Amino acid sequence: MLASPVPLATETVMMAMGADRKPFERSLAARLIEAGKLDASALDRVTRLQASSEERLESLLIKLGLAGERDVAEALARELGLAVATPADFPDAPLLDGKLGQKFLKHAAVLPLADAADALHVAMVDPLDGFALRAMEMACGKKVLPRVALPSELEAAHARLYEAQQGALASLVDRAEAELAGDEELTEDVDRLRDLASEGPIIRLVNQLITRAVESRASDIHVEPFQNRLVVRYRIDGVLREMPAPPLRFKPAIVSRIKIMARLNIAERRLPQDGRLRIAVQGRDFDLRVSTTPTLHGESVVMRILDRSSLVADLGTLGFLEDAAAPFLEVLGRPQGILLVTGPTGSGKTTTLYTCLQRLNSPEKKLFTVEDPIEYQLEGVNQIQVKPQIGLGFAQVLRSILRQDPDIVMIGEMRDLETAQIGIQAALTGHLVLSTLHTNGAAATVTRLLDMGVEDYLVTSTVTGILAQRLVRKLCERCREPYVALPELVGQLRLPQSGAETVLYRARSCEACRGSGYLGRVAVMEFLVMSDAVRRQVLRHAEATDLHRTGAGEGMRSMYEDGLRKAVLGITSLEEVLRVTRDAGL
């Protein structure tokens with residue numbers, strides 16, 4: 001039920017809507033700074049980033065983690081003279097179902113709260129969205145009174161109210177069962193599979209699997225056939241979660257539909273295949289990287305969901321704390337040399353490199369990337385997909401690129417000595433080279449290069465910095481719970497201390513994080529600068545532990561120490577830090 005009404009200053013909203021947003025945003029930022037919820041330096045960063053995008057200040061502050069969504073919502077409400085909607089205000093059932101479509105409400109980030117005789121009360125993430133307000137007034141024929149909603153709470157309410165209603169998977173499966181009741185043999189006939197994969201029931205099933213994954217913030221969709229059932233799992237915040245799946249008999253048609261969308265050969269089931277497709281979900285375009293591989297009980301499919309709008313040029317979003325970003329930016333700003341990002345598969349290396357490319361991208365510089373595969377398409381960057389099957393490998397492409405007069409070259413991965421040597425040649429001839437390697441830590445990367453056969457003097461003369469990283473889950477800001485760490489624990493784990501007591505945070509459960517206690521991921525990292533002391537160690541072929549010790553003596557913070565700082569700041573939990581760094585042997 002809607003809580004007791006609070007006077008809503010709709011005149012203030014309309015005045016702010018009609019004017020330029022900039023004065024309003026400056027006033028809102030000043031209010032946040034005055035309340036101690038935003039740093040002036042952070043505002044400078046987000047203002048520069050906003051100049052190259054069309055996003056609202058409030059949205060960028062939350063997305064970049066520079067201000068909490070509740071702090072932003074409360075400041076926005078005070079600035080406009082509005083009330084903040086709480087979960088208790090949200091209705092138990094959808095309102096105005098025949099007048100306001102769920103797709104419109106989702107896209108506009110709006111939720112009707114109460115339909116009174118003279119006015120419609122709604123919760124909005126952006127109360128200054130004049131188009132949404134006018135559209136609702138026209139549809140309902142009455143005045144619309146907005147309240148400010150927290151994005152995570154509104155999203156959770158949408159999921160609760162509309163997920164079952166908008167053709168949930170179970171009802172789609174029932175409809176498909178009814179419509180395809182006569183097709184018992186769905187596994188062998190390629191022509192029949194192609195027909196089935198193009199029919200409405202299967203199209204709706206596959207689209208629903210993808211839509212639910214996007215709404216769940218999944219990074220990957222796994223469709224896995226086993227002897228007696230089909231398993232669908234989403235990787236959410238790095239953890240696989242099993243979801244409701246269609247019956248096993250639909251497996252051939254579902255896999256064929258995905259392969260048709262990705263332009264793969266549906267008749268080839270004996271060999272792995274890779275492809276990609278583009279799909280619109282909730283008004284946003286997503287690229288899906290599709291991989292199929294034959295298993296004992298049929299083809300397994302994995303779809304990596306790539307959201308280009310999630311890429312930002314702000315290092316703080318990746319996990320760089322203020323003091324850690326300075327040395328990295330100094331190395332990134334050098335006109336030549338090799339900057340390496342290392343870590344295992346799924347540690348965010350490519351995202352970090354794309355963020356670097358977005359910072360470096362300007363009309364004065366020519367950028368090339370050599371990738372396998374191309375994950376995100378970047379405006380103004382020449383991106384090349386390697387194709388080993390036709391002899392177009394990393395080394396062959398790199399040789400060609402160096403004749404194209406580039407300023408910056410990004411190599412997807414230094415997989416072998418030949419690729420590494422050409423990257424070194426590019427750095428020696430005045431180019432900035434960005435690349436990745438699979439190693440456990442920053443210091444171990446030097447040992448890996450030497451083991452590949454790269455000469456030690458070439459490593460010291462070209463490599464300028466090595467960033468190693470892992471991903472940890474971020475605590476849900478809405479439900480995280482603070483607690484005082486025991487003094488014994490503080491001493492044993494060498495936790496950073498800023499006062500008499502060290503406060504940590506633990507995961508709890510709420511609607512916003514769907515009961516997991518975590519929402520999103522952030523990197524813990526260590527950055528080794530190739531200083532003179534480190535170079536001397538490399539020339540002596542010192543062990544990785546000695547290189548790490550030398551780097552630490554010059555101010556390098558290990559991934560473990562960086563994770564502890566983020567635990568004390570409430571960004572992640574101590575358990576997450578120990579899980580990731582213990583697995584990495586750090």
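The values are calculated or read from the model by the stated rules, or taken from the named source; none is laboratory data. Predicted, not measured: the structure shown is a model, and the values here were computed from it. Please note: Cβ atoms are built from the backbone with ideal geometry, for glycine as well, and neighbour counts cover all protein chains shown. Ligands, DNA and RNA are stripped out before the accessible areas are found, and what is left, the full protein with its side chains, is counted by its heavy atoms. Shrake-Rupley method; radii C 1.70, N 1.55, O 1.52, S 1.80 Å.
Per the conditions (1) free of Cβ contacts under 8 Å to residues at least 60 places away in the same chain; (2) surrounded by fewer than 18 Cβ atoms within 10 Å (Cβ to Cβ), the sole criterion not satisfied by Val454 is (2). Anything in the stretch 420-436 that is hydroxyl-bearing (Ser, Thr, Tyr) and open to solvent by 30 Å² or more (accessible area, probe 1.4 Å)? List them, or say none. If the condition is that a residue be hydroxyl-bearing (Ser, Thr, Tyr) and open to solvent by 30 Å² or more (accessible area, probe 1.4 Å), then Thr429 is the only one that fits. As a summary of the residue check, Asp237 satisfies the conditions (1) touching a strand residue (DSSP E or B) at 6+ places or on another chain (Cβ under 6 Å); (2) within 25 Å of Gly200 (Cα to Cα); (3) touching a residue at least 12 places away in the same chain (Cβ under 8 Å) except for the one numbered (2). Using the structure shown, decide if Gly520 is in contact with a strand residue (DSSP E or B) (Cβ under 7 Å, 6 or more places away or on another chain) and assigned to a helix (DSSP H, G or I). For Gly520, the condition - in contact with a strand residue (DSSP E or B) (Cβ under 7 Å, 6 or more places away or on another chain) and assigned to a helix (DSSP H, G or I) - is not met. In this structure, does Leu329 turn out to be surrounded by 17 or more Cβ atoms within 10 Å (Cβ to Cβ), closer than 26 Å to Thr447 by Cα and among the aliphatic types (A, V, I, L, M)? No; evaluated as a whole, the condition is false for this residue. In this structure, Thr350 does satisfy being at pLDDT below 90 and buried (at least 17 other Cβ atoms within 10 Å of the Cβ).
Against the test of being surrounded by 15 or more Cβ atoms within 10 Å (Cβ to Cβ), assigned to a loop (DSSP other than H, G, I, E, B) and touching a residue at least 60 places away in the same chain (Cβ under 8 Å), the options Thr439, Thr447, Thr464 yield a single qualifying residue, Thr439. Is it true that some residue in the stretch 275-286 is of a type outside the set (Val, Ile, Thr), in contact with an Asp or Glu (Cβ under 9 Å, 6 or more places away or on another chain) and on the phi > 0 side of the Ramachandran plot? Looking through the stretch 275-286, at least one residue is of a type outside the set (Val, Ile, Thr), in contact with an Asp or Glu (Cβ under 9 Å, 6 or more places away or on another chain) and on the phi > 0 side of the Ramachandran plot.
Residue-wise test of (1) more than 23 Å from Lys63 (Cβ to Cβ); (2) at pLDDT below 90; (3) under 23 Å from the mean Cα position of the chain (by Cα).
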residue: Ala119; (1), (2), (3): yes, yes, no
residue: Ala135; (1), (2), (3): yes, yes, no
residue: Val148; (1), (2), (3): no, no, no
residue: Glu153; (1), (2), (3): no, yes, yes
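Each residue in the stretch 375-412 was checked for being open to solvent by 70 Å² or more (accessible area, probe 1.4 Å), of a type in the set (S, T, N, Q) and either assigned to a loop (DSSP other than H, G, I, E, B) or modelled with pLDDT of 90 or more (or both), and 2 of them qualify. Would you confirm, using the coordinates I've provided, whether Ala542 is small (Gly, Ala, Ser), over 21 Å from the mean Cα position of the chain (by Cα), open to solvent by less than 70 Å² (accessible area, probe 1.4 Å) and modelled with pLDDT of 90 or more? So Ala542 fits the description; yes.
Scanning the stretch 290-326 for residues that are farther than 30 Å from Arg269 by Cα, open to solvent by less than 50 Å² (accessible area, probe 1.4 Å) and of a type in the set (Ser, Thr, Tyr) returns a single hit, Thr317.
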